[in-house]
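For reference, the structure is listed below as structure tokens.
The values are calculated or read from the model by the stated rules, or taken from the named source; none is laboratory data. All figures in this text were calculated on a predicted structure; none of them were measured in a lab. Using ideal geometry, Cβ is built from the backbone for each residue, glycine included, and neighbour counts are taken over all protein chains shown.
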Amino acid sequence: MMDAKIERALNKQINMEYSASYIYLGMALYMDTEHLPGFASWMVSQSDEERTHARRLLRYMLDRNGDVGLESIPKPKVEYDSVKAVFEASLEQEKNNTQSINDLYSLASELNDYATQAHLQWFLDEQVEEEKSIIDILGRLELAGNDQTALLI
Ligand code: FEO
């Protein structure tokens, strides 16, 4: 039996992952309208990945006979001021997600829910990866500055 508090927190996390997927899709749309297909496809991959994160959590809940509750996801933003603003927003989103995974991990520790802690380990590593790849891109955008050619490359 899963603790109801963990169930609630996992359901909230599943919703966050699906919402993140939709937000990345909105970012992909923006990149497409800016004629930047490379960035658009990067955003689509992120969007796909977020859904695999949600499914991973969902599968885990089902394996533990947890009570899965799917909630609605908000309408994503599709307009941004610049490419850099998109990546800044995505870094912000990933930081919030990392915080949420950390909180979930703390709750699992408090409740001596070792299986959930073990399951979340993968997510902790994944968040480090995701934040790093966005920070790398932001660094390159900084180097490119206002050079349109560099941006295209
Ligand atoms: Fe599901 Fe971008 O972390």
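Here are the numbers for this structure:
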{"read-out": "Tyr18 within 11 Å of the ligand (Cβ to nearest atom) and within 24 Å of Gln99 (Cα to Cα)", "value": "yes"}
{"read-out": "Candidate set from the range 21-38 (those that are crowded, with 20+ Cβ neighbours inside 10 Å and among the aromatic types (Phe, Trp, Tyr)); member that is farthest from the ligand (Cβ to nearest atom)", "value": "Tyr30"}
{"read-out": "Count - residues of the range 32-69 that are over 30 Å from Met1 (Cβ atoms), of a type in the set (A, V, I, L, M) and part of a loop (DSSP other than H, G, I, E, B)", "value": "1"}
{"read-out": "The range 8-24 residues that are of a type in the set (Lys, Arg), paired with ones that are at pLDDT 95 or above and in a helix (DSSP H, G or I) (beta carbon under 9 Å, 6 or more apart)", "value": "Lys12/Ser100; Lys12/Leu104"}
{"read-out": "Residue match in the range 102-120 (condition: touching a residue at least 12 places away in the same chain (Cβ under 8 Å), among the polar types (S, T, N, Q) and within 15 Å of the ligand (Cβ to nearest atom))", "value": "yes"}
{"read-out": "Which listed residue, of Leu91, Leu25, is of a type outside the set (Val, Ile, Thr) and in contact with a Ser or Thr (Cβ under 9 Å, 6 or more places away or on another chain)", "value": "Leu25"}
{"read-out": "Selection status of Ser72, out of contact with any His (no Cβ under 9 Å at 6 or more places or on another chain), part of a helix (DSSP H, G or I) and without any contact (Cβ under 8 Å) to a residue 60 or more places away in the chain", "value": "no"}
{"read-out": "Pair list, Cβ under 6 Å, 6 or more apart: the range 34-51 residue closer than 24 Å to Gln148 by Cβ, other residue within 14 Å of the ligand (Cβ to nearest atom) and not small (Gly, Ala, Ser)", "value": "Met43/Tyr24; Met43/Met27; Gln46/Tyr24"}
{"read-out": "Candidate set from the range 75-101 (those that are under 24 Å from Ala115 (Cβ atoms) and either among the aromatic types (Phe, Trp, Tyr) or free of Cβ contacts under 8 Å to residues at least 40 places away in the same chain (or both)); member that is nearest to the ligand (Cβ to nearest atom)", "value": "Thr98"}
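Here's the yes/no breakdown for (1) crowded, with 17+ Cβ neighbours inside 10 Å; (2) modelled with pLDDT of 95 or more; (3) within 26 Å of Arg8 (Cα to Cα); (4) aromatic (Phe, Trp, Tyr):
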position: Asn96; (1), (2), (3), (4): no, yes, yes, no
position: Gln99; (1), (2), (3), (4): no, yes, yes, no
position: Thr116; (1), (2), (3), (4): yes, yes, yes, no
position: His119; (1), (2), (3), (4): yes, yes, yes, no
position: Lys132; (1), (2), (3), (4): no, yes, no, no
position: Asp136; (1), (2), (3), (4): no, yes, no, no
position: Leu141; (1), (2), (3), (4): yes, no, no, no
